[in-house]
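The block underneath contains the structure these notes are about, expressed in structure tokens.
What follows is calculated from the coordinates using simple rules that are stated; it is not laboratory data. Quick caveat, the model's predicted, so the values are computed rather than measured. Neighbour counts run over all protein chains shown; Cβ positions are idealised from the backbone, glycine included.
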Amino acid sequence: MSWDLRSPHIGNSRPRVLCVDDEPVILQILRRLLEVQGFEPVTCGDPLAAIVLFDESPFDVVITDIHMPGMDGMALTRALHERQPDLPVVVVTGHGTVDTAIQALREGASGMLIKPFTGEELLGELRRALSSSQMRYEALQYRYMSPVLDSIALTLSTAIEARNLETGEHCRQLGILSERMASVLGLDERQQMTIRIGGYLHDIGKIGIADAVLLKPGPLTDTEMAEMRRHSEIGAAILEVYEAMSDIAQIVRHHHERWDGRGYPNALAGLSIPLGGRIIAVADAFSAMTSDRIYRAALPLDVAWAELSANSGTQFDPESVAVFRQVVNEDGTLRTLAPTVERHLESDVPVAMVVGGSVQSRLPMLDPSPTQPAQ
């Protein structure tokens, strides 16, 4: 059985509601209530005819009576879910019992109305059903989109690394690390994926920085630093073209903001900085400090940890620093997370997880050490 990826409600069109009841008076009431509230109701007094209507054109939600001749509402719900498993269905009954409610839920009903019901009760059930359907749709859409976005992001990050003459795989590894931080924070699957890809693409804007600045082996002048700092806005502008990457673009734009408001490009402070940006800022800084650069050698791990602690609450979000310590050991290796989290990460991330080995081989990034102004 395939899962329909059609959005439950697209654009500004009115949500379409199929109303099925063998009582004409109930259908008239439903039609009037729904039309006034901006829905597009289609009424039908025969469940078998309703299936034909459903096959001819899509609906966002179905309201059906339970007790009807020929086919009851439970059987109709089963028949419709065979066609569209994620379809929200609200069942209506004049004999509401616990057993009836349990049976309706087992058949996949999204909600239940007891006759007689008020217009407010009707609208409340419809809104809950549509909201639940939309969340299921978005979760499934991201599940299908994740490998596609990952592939695009990894391809772009390879281009960044090649141009920046780094040793490779830095952005990919930062994506994995930031996702692990997001999982420790208990963020949902969609948020974890967004932050992971934000890690892959955090420096995509450097593709628009002149080689004379990007590859300069020594300290940057003030003018060159201003040019380098444009990379976060350039990267966001590249990603904002694609609607599916709008949240990722915000992470890319703000991953150089500071907790105290002294960062760039918008001098955001505290919780106004997107969470993904705050997470990546910590991982990025640690990675930069512990990686070799053409103008300096990698800093010792104890120095890098001390820098994170010293700048927690000023440059870095304190919670993100604390979470980073839950994800990375003192020796720079990845900590093993709870078994359920590890299984999810290993199955969801379409790149190899590497545990152990030197921090230089797993966590190096593209930005310079925080010991000079962040680029």
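Quick one: net charge around residue 268, please, counting Lys, Arg +1 and Asp, Glu -1 for every other residue with C-beta under 15 Å from its C-beta.
+1
Count charges around residue 238 for me, please; just the other residues with Cβ under 13 Å from its Cβ, Lys/Arg as +1, Asp/Glu as -1.
Once positives and negatives cancel, what remains is 0.
Take each of the peptides 172-183, 242-253, average the number of other beta-carbon atoms within 10 Å over its residues, and list them starting from the highest.
Per-residue mean Cβ counts within 10 Å order the peptides as 172-183, 242-253.
So how far, in whole Å, is the C-alpha centre of segment 207-228 from the one of segment 22-80?
So the separation of the two Cα centres works out to 64 Å.
For segment 16-133, count all C-alpha to C-alpha pairs, find those more than 26 Å apart, and express that count as a whole percent of the total.
Summing the P(r) of segment 16-133 above 26 Å gives 7 percent of all pairs.
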